[in-house]
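Q: What follows is a structure written as structure tokens; I'll ask about it next.
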Amino acid sequence: MKILLVGGGGREHAIAESLAKSSHCPKVYCVSELINPGIRKIVSSGGGEYFRGDTNDPSAVVGAALRCSPDFVFVGPEEPNFHGIPDALEDKGIPCIGASKEVAELELSKASMRDLQWKYKIPGRLWYKKFKTFEEAVPYIEEYAESIALKPARQAGGKGVKVIEDFQVYLQDDKRKVKKEHAESIVNEYMKGYDDIEYKLLIEERVWGPEYTVQCFTDGRTVVPMPAVQDNKHAFDGDLGPETGGMGSISCCMNLRYGVEDERAVITEGEYQRSAEIVKMMIDAIQRETGKKYHGISAGQMMLTSVWGPTVIEMYSRLGDPEAANVLTMLKTDLVDICEAIICEDLNKVKVEFEDQAVAVKAVCPEGYPDRRDLAKGHPVSISAPSNSGGILWASAEDTGNGVVTGGSRVVECIGTGDTLPEASARAEELCMGVGLSDGWKLFHRSDIGTEKSILRRIQLGNMAREIYQYRERKGLLGKRMIWIPGKGLMEVG
Ligand SMILES: Nc1ncnc2c1ncn2[C@@H]1O[C@H](COP(=O)(O)OP(=O)(O)O)[C@@H](O)[C@H]1O
Ligand SMILES: [Mg+2]
């Protein structure tokens, strides 16, 4: 059996390892921009081939596929989905694990995702407005003095979202100014270069609660949820610093528990189930809307909010990076069996199982990331722990044939496992310590991911949101927005 993997980051290294472990003993091939040292090892030990190419270019990927005639292709990142790579492959009769362009709209356009949620009355509908230009948004920002999230309407590589709290009346003029300035920079800077989308700016009501992601396999009929994972976007400890592609992620059992034998959890099992049902409703809605089958991965990046309970913040059309490392470490079932079932649309026949364990993943980055990738690039990497033990994944790194150099983004992802999250975090921490740059350039990672303090804080935030949404639920007020008007009492608005 032959499988072609598209993409060369940490997520794809995790996928390659999982595929290589299969009892089908597949030959793994890969196409990506940089030659990932970990994937290269898997490719060459199985006798496959590594193609260097632009993963967003259908002719490059189809060309690679025609050269190796794979049984199927596995697309790792989102941009190839947005660029129609799965469609181009399927046109040539090559089956693909990857969302076709039309269904990947769920991730591409945060505005279309919200439209669909309201049209199909899916729980977790946040108030929103979408705008094609900055000028269109100005009157709205002038008038609406509330806390909001300002977003680029297109998935922009995890950049550009700003949440602005607006509670103090005396600061409202200042807040308006900040909102306007940021809205303008979204349209003019963050959306610059993206001409594949009509709406540029999205304004959402601001909600709060702990965040988590539920990734699912789907063949378009059955939806199989994987363990919930929590990502950490900010560069530095304590959720400080700029947003990154993800500095690390934690998971434990299906519902983000503190430990395998510990009842404390960020979300309850019921909330986990409801989140998976919401992802299924989103998949059903996009399939009905487009008439296209969804073959691959769909994920809900969720928040447990006080307004709705489980609420979609955004959808993904692929595994997260580094969230892939969590779920694939926990996956007990043969990944190739799952892929084949997705292609044959009989995923309901596969029993997909996950290990009850805690997994903490930490990304190690060269200084300069994320704002000055030019400075973070080109430094020689040395790893004292064996890089292929399964504990360390290569991410943005280039195998030059004469050593490995940094690619400018997260260079490796260290995976720790254990019975509790703090235990898993400590193991990942040890692995991070073994990573260095031999020219003396500095690396950084977050040591607080998965620590007792940080998990307990998230569990507590979940408890606070839960108390309120469950109260609303008991009163029949879930998802309803109420105001108190003297003399009239509680009124529903919106
Ligand atoms: N409506 C909202 N209310 C409060 N916080 C939000 C809201 N939307 C997004 N956020 C916060 O901003 C982060 C980034 O937003 P998201 O839509 O996930 O964009 P991206 O991941 O592409 O940057 C979220 O993880 C969440 O912390
Ligand atoms: Mg996000």
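Nothing in this text is a laboratory measurement; each read-out follows from the coordinates by a stated rule. Here the structure is a predicted model, which means the values were calculated and not measured. Note: ideal-geometry Cβ built from the backbone for every residue, glycine included; neighbour counts use all protein chains shown.
Q: Over all directions, the average projected area of the alpha-carbon convex hull for the stretch 127-205 comes to how many nm²?
A: 4.8 nm²
Q: For the pair R474/V178, report the inter-label distance in nm, with labels modelled 7 Å from Cα in the Cβ direction.
A: Here the modelled spin labels are 3.6 nm apart.
Q: Quick check: Cα centre of the stretch 159-230 to Cα centre of the stretch 78-142, how many Å?
A: 13 Å
Q: Within straight cross-link reach of K192, meaning Cα distance under 13 Å, which aspartates and glutamates are found once same-chain residues fewer than 8 apart are removed?
A: The qualifying aspartates and glutamates are E184.
Q: If I fit a long axis through the Cα atoms of helix 452-474 and take the longest principal axis of the Cα atoms of the chain, what angle between them do I get, 0 to 90°, rounded to 10?
A: Long axis of 452-474 versus the principal axis of the chain: about 50 degrees.
Q: What list of ³J(HN,Hα) couplings, whole Hz, do you get for the stretch 97-103 from phi and the Karplus terms 6.51, -1.76, 1.60, once you set θ to phi - 60° and write x for glycine and proline?
A: 8, x, 6, 5, 3, 5, 7
Q: Could you state the angle between the C-alpha long axis of helix 110-119 and the longest principal axis of the C-alpha atoms of the chain, as a value from 0 to 90 degrees rounded to the nearest 10?
A: 60 degrees
Q: Listing V6, V404 from the residue with the fewest other Cβ atoms within 10 Å to the one with the most, what is the order?
A: V404, V6
Q: Okay, moving on. 5 Å is the cut-off here: which amide hydrogens, built 1.01 Å from N in the peptide plane, fall below it relative to F51, excluding neighbours closer than 5 in sequence?
A: C30, V31, S32
Q: Taking neighbour counts of Cβ atoms within 10 Å as a proxy for exposure, in what order, fewest first, do L421, L431, L456, L393 appear?
A: Ascending Cβ contact count within 10 Å gives the list L456, L431, L421, L393.
Q: Distance between Cα centroids, the stretch 479-494 to the stretch 333-357: provide it in whole Å.
A: 48 Å
Q: Also, quick follow-up: Rounded to the nearest Å, what's the spacing between the alpha carbon centres of the stretch 261-307 and the stretch 46-74? Just the number, please.
A: Their Cα centres are 31 Å away from one another.
Q: Taking the Cβ-Cβ separation of V260 and E142 as r and a Förster radius of 41 Å, what is the calculated FRET efficiency to the nearest 0.05?
A: Efficiency for this residue pair is about 0.20.
Q: Continuing with the same structure: Take peptides 281-287, 140-146, 191-197, 160-166 and line them up by average Cβ neighbours within 10 Å, highest first, as a rough protection proxy. Could the numbers behind the result be given before it?
A: On the way: 281-287: 20.7, 140-146: 14.6, 191-197: 12.7, 160-166: 16.6.
Final packing ranking: 281-287, 160-166, 140-146, 191-197.
Q: Same structure, new question: Residue farthest toward the positive end of the dipole of the chain, with Cβ of Lys/Arg at +1 and Asp/Glu at -1: which of M247, F74, P225?
A: Positive-most Cα among the choices belongs to P225.
Q: So for each of 262-275, 46-59 I average, over its residues, the number of other beta carbons within 10 Å; can you give me the resulting order with the highest mean first?
A: Put in order of decreasing packing, that is 262-275, 46-59.
Q: Among M282, I297, I342, whose Cα projects farthest towards the positive end of the dipole of the stretch 278-375, with charges put on the beta-carbon of Lys, Arg (+1) and Asp, Glu (-1)?
A: M282
Q: In deg cm²/dmol and to the nearest 500, what is the mean residue ellipticity at 222 nm of the chain if only DSSP H runs of at least 4 residues count, each as -39500 (n - 2.57), divided by the residue total?
A: It comes out at -10000 deg cm²/dmol, rounded to the nearest 500.
Q: Now a separate question. What is the packing order of peptides 60-68, 465-473, taking the mean over residues of other C-beta atoms within 10 Å and listing the highest first?
A: Working: 60-68: 18.3, 465-473: 16.2.
So the peptides 60-68, 465-473, ranked by packing, come out 60-68, 465-473.
Q: Compute the acute angle (0 to 90°) between the alpha-carbon long axis of helix 335-344 and the principal axis of greatest extent of the alpha-carbon atoms of the chain; round to the nearest 10°.
A: 70 degrees
Q: Let me have the relative contact order for the chain, percent, based on Cα pairs under 8 Å that are six or more residues apart. Before the final figure, lay out the partial values.
A: Details: 1167 pairs, mean separation 78.6, N = 494.
Computed over the chain, the figure is 16 percent.
Q: Relative contact order for the stretch 2-100 using alpha-carbon pairs under 8 Å, separation at least 6, rounded to a whole percent?
A: Value for the stretch 2-100: 29 percent.
Q: Count the lysine pairs in the stretch 211-444 whose Cα atoms lie under 29 Å apart, taking only pairs 8 or more positions apart in sequence or on different chains.
A: 21
Q: For the chain, just run the numbers: alpha carbon Rg, then divide by 2.2 N^0.38 Å, N being how many residues it has.
A: That works out to 0.96 for the chain.
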